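Visitor: Got a structure here, written out as structure tokens. Questions coming.
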Amino acid sequence: MLSLRGSSRSSAIFKPLLAFQRKPLLISPRNLSRSSPRRNLCFSLKPSDRNGLTSASSTSETYVLDDTPMSGMEDVLVSYIFGKKRATEVAHSVWKLVVKKGDTVIDATCGNGYDTLALLKMVSDELGRGCVYAMDIQKDAIVNTNSLLEESVNANERDLVKLLPICHSELDKVVPEKASVRLVAFNLGFLPGGDKAIITKPETTLLALEAAKETVMPGGLISLVVYVGHPGGWQEWETIQAFASGLPVDEWVCCKFQILNKPWAPIPVFLFKR
């Protein structure tokens, strides 16, 4: 069982929802670590038995996030629990807590460009700093992303995006070796509106995750939205779970948000590098 504690407002919202599991949503931090003193938002967890069920006699442990302001995040999570927000909106809200103006970030699967545009808005500043490396193996994705950027931002902002027609498994080959990358984002599966037979594959996604692990800076984030409803999607999800579960606890905090009674729903995954 997982419950959330923080402000009186968050307690009033989350405790009825999560402590009593009235809504079939699993929020599963895989390797959080304890911290002190208590700051903004705490997770109250009870260790699970071998069947994954919480023991009534277990002792609660408190896991604490850092002091990053959480403004708006609670509303997004509550809306997601009630089916009012999409997985991509949850991802964007988490990005805003990590990404800063002037940062370098990677959109490893740019698709139709909406994540790329969101990231550009987060990193671009008045001095023209910030950089988004956006890549996709499909030509249509590169064209669509470029079109969206051309109609949505000015020329100076557009110059901050480097569009690359390559596989996400090669992200480490195009980013400068000494670049401080704050975020690597993946939106997996097939291109919306494109050929559904062309999908991200477990083997290339694993290579991409291994590259992202080395590329992202301490204090940075690997973010994934995993689509499991298409052929091959579940196998890719299992590969991602195995990768995240194997990351060392003292270096990474790994979390997934999974709707239990809708097994084919997209799964947001966040891997935070300490």
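Visitor: Can you tell me which residues in the stretch 242-274 are touching a strand residue (DSSP E or B) at 6+ places or on another chain (Cβ under 8 Å) and in a helix (DSSP H, G or I)?
Guide: Within the stretch 242-274, A244, S245 qualify.
Visitor: When the stretch 189-206 is examined, which residues are found to be open to solvent by 80 Å² or more (accessible area, probe 1.4 Å), in a loop (DSSP other than H, G, I, E, B) and within 17 Å of F243 (Cβ to Cβ)?
Guide: Across the stretch 189-206, the qualifying residue is only K201.
The values are calculated or read from the model by the stated rules, or taken from the named source; none is laboratory data. All values derive from a computational prediction rather than experimental measurement. Reconstructed Cβ throughout: ideal geometry from the backbone, glycine too, with neighbour counts over all protein chains shown. For accessibility, only protein heavy atoms count, side chains too; no ligands or nucleic acids. Shrake-Rupley method; radii C 1.70, N 1.55, O 1.52, S 1.80 Å.
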